[in-house]
Amino acid sequence: MNLYGIRAIYKFEMARTARTLMQSIAWPVISTCLYFIVFGTAIGSRLGEIEGVSYGAFIIPGLIMLSLLSESISNASFGIFFPKFSGTIYEVLSAPVSAFEIVAGYVGAAASKSVVIGILILITARFFVDYEIAHPFWMIGFLILTAITFSMFGFIIGIWADDFQKLQIIPLMVITPLTFLGGAFYSINMLPEFWQKVTLFNPVVYLISGFRWAFYGVSDVHMGISLGMTLFFLLLCMTAIWWIFRTGYKIRA
């Protein structure tokens, strides 16, 4: 394995984050603070508890997932799209690095940035609400697994996109609505029975539910099912990336 190649791609992507620190790190944290002020403090004080957890604390896993999913996709998609857009992708493909090493560099950097943002949001939440983490090991595990999975998804989007507009379609028009409708700010058990069943077709439900279980031991879906669905989506992304490099889809002239 060419560790030098992986490290070179990883360091380049992390350096890009340092150059755009306000956009990459600060803005997601600031926007999350606004969510806490509006939903956690202003509205949450009137809603009481959900499944024995104060509303302000209840939305913490959902807010982290909201930022984690969008940032993982954005970081990874832009990371591979820009070399493809500028033509430098051919230098990467002609270098002595394998497809696995290329993916490890780009996805590793995107996932690292997303995990850092998730941890910063977790720390920021302490200034607004009190919370306890019932299963810290599982919380870290879900955080890293989700970051890697959706960074791979973002990598696929970056390969698929032909322009900057396509780069933003799925994060803005698909992922964000699914996150809002996936129980980020409420328990799906609060919905009518019909809509509870409909909501189970939303894959983000399983991510948020498993992550919330790691915090408070309560969830809308069994933790085992949440973990299984996350691993299944990871496998789908890995298969799609293998196919892309196997066929040269949109990365070879």
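Compute the normalised compactness of segment 1-103: alpha-carbon radius of gyration over 2.2 N^0.38 Å, N being the residue count.
Numbers: Rg = 19.5 Å, N = 103, 2.2 N^0.38 = 12.8 Å.
Scaled against compact globular proteins, the figure is 1.52.
Round to the nearest 10 and give me the degree value, 0 to 90, for the angle of helix 3-19's Cα axis relative to the longest principal axis of the chain.
60 degrees
When all C-alpha to C-alpha distances in segment 61-194 are sorted into bins of 10 Å, what percent of pairs does each bin hold, rounded to whole numbers?
12, 36, 31, 16, 5, 1
Can you tell me the order of 211-224, 146-159, 93-106 when each peptide is scored by its average per-residue count of other Cβ atoms within 10 angstrom, highest first?
The densest-packed peptide leads the list: 146-159, 211-224, 93-106.
Suppose the chain between residue 130 and residue 86 were pulled fully straight at 0.36 nm per residue; how much longer would it get relative to their current alpha carbon spacing?
Gain on stretching residue 130 to residue 86: 11.2 nm.
Considering only lysines 8 or more places apart in sequence, or on different chains, count the pairs in the chain whose C-alpha atoms sit under 30 Å apart.
Number of lysine pairs found: 10.
So what's the back-of-envelope 222 nm ellipticity for the chain, counting only DSSP H runs of four-plus at -39500 (n - 2.57) apiece and dividing by all residues, rounded to 500?
About -22500 deg cm²/dmol.
What number, in nm² with one decimal, is the all-direction average of the projected area of the convex hull of the alpha-carbon atoms of the chain? Can you show the working numbers first?
Details: hull surface 55.4 nm².
One quarter of the hull surface, i.e. the mean projection, equals 13.8 nm².
If you count only protein heavy atoms with a 1.4 Å probe, what accessible area per residue comes out for the chain, rounded to a whole Å²?
So the chain comes to 49 Å² accessible per residue, rounded to a whole number.
Provide the packing ranking of 3-16, 108-121, i.e. peptides ordered by the mean count of other C-beta atoms within 10 Å per residue, highest first.
Top to bottom by mean Cβ count within 10 Å: 108-121, 3-16.
Report the FRET efficiency, 1/(1 + (r/R0)^6), for residue 236 and residue 173, where r is their Cβ-Cβ distance and R0 is 22 Å, rounded to 0.05. Spell out each step's value before the answer.
Working: r = 20 Å, r/R0 = 0.91.
For residue 236 and residue 173, the calculated efficiency is 0.65.
Can you tell me the FRET efficiency between residue 95 and residue 162 if r is taken as the Cβ-Cβ distance and R0 is 22 Å, rounded to the nearest 0.05? Mind showing how you got there, number by number?
On the way: r = 24 Å, r/R0 = 1.09.
In this case the efficiency is close to 0.35.
Given points 7 Å out from each Cα along the Cα-Cβ axis, report the residue 31 to residue 196 separation in nanometres with one decimal.
The modelled label-to-label distance comes out at 3.2 nm.
Using a simple spin-label model with points 7 Å from Cα along the Cα→Cβ vector, what separation in nm is obtained for residue 3 and residue 123?
2.8 nm
For segment 27-175, with all protein chains present and a 1.4 Å probe, just round the carbon and sulfur fraction of the accessible area to a whole percent. Let's see the in-between values first.
Values: 4490 of 6390 Å².
About 70 percent, which is the carbon plus sulfur part of the accessible surface.
The values are calculated or read from the model by the stated rules, or taken from the named source; none is laboratory data. Predicted model, so just to flag it, every value in this text is computed and none were measured. As a convention, Cβ positions derive from the backbone with ideal geometry for all residues, glycine included, and neighbour counts pool all protein chains shown. Calculation scope for accessible area: heavy atoms of the full protein, side chains included, ligands and nucleic acids excluded. Shrake-Rupley method; radii C 1.70, N 1.55, O 1.52, S 1.80 Å.
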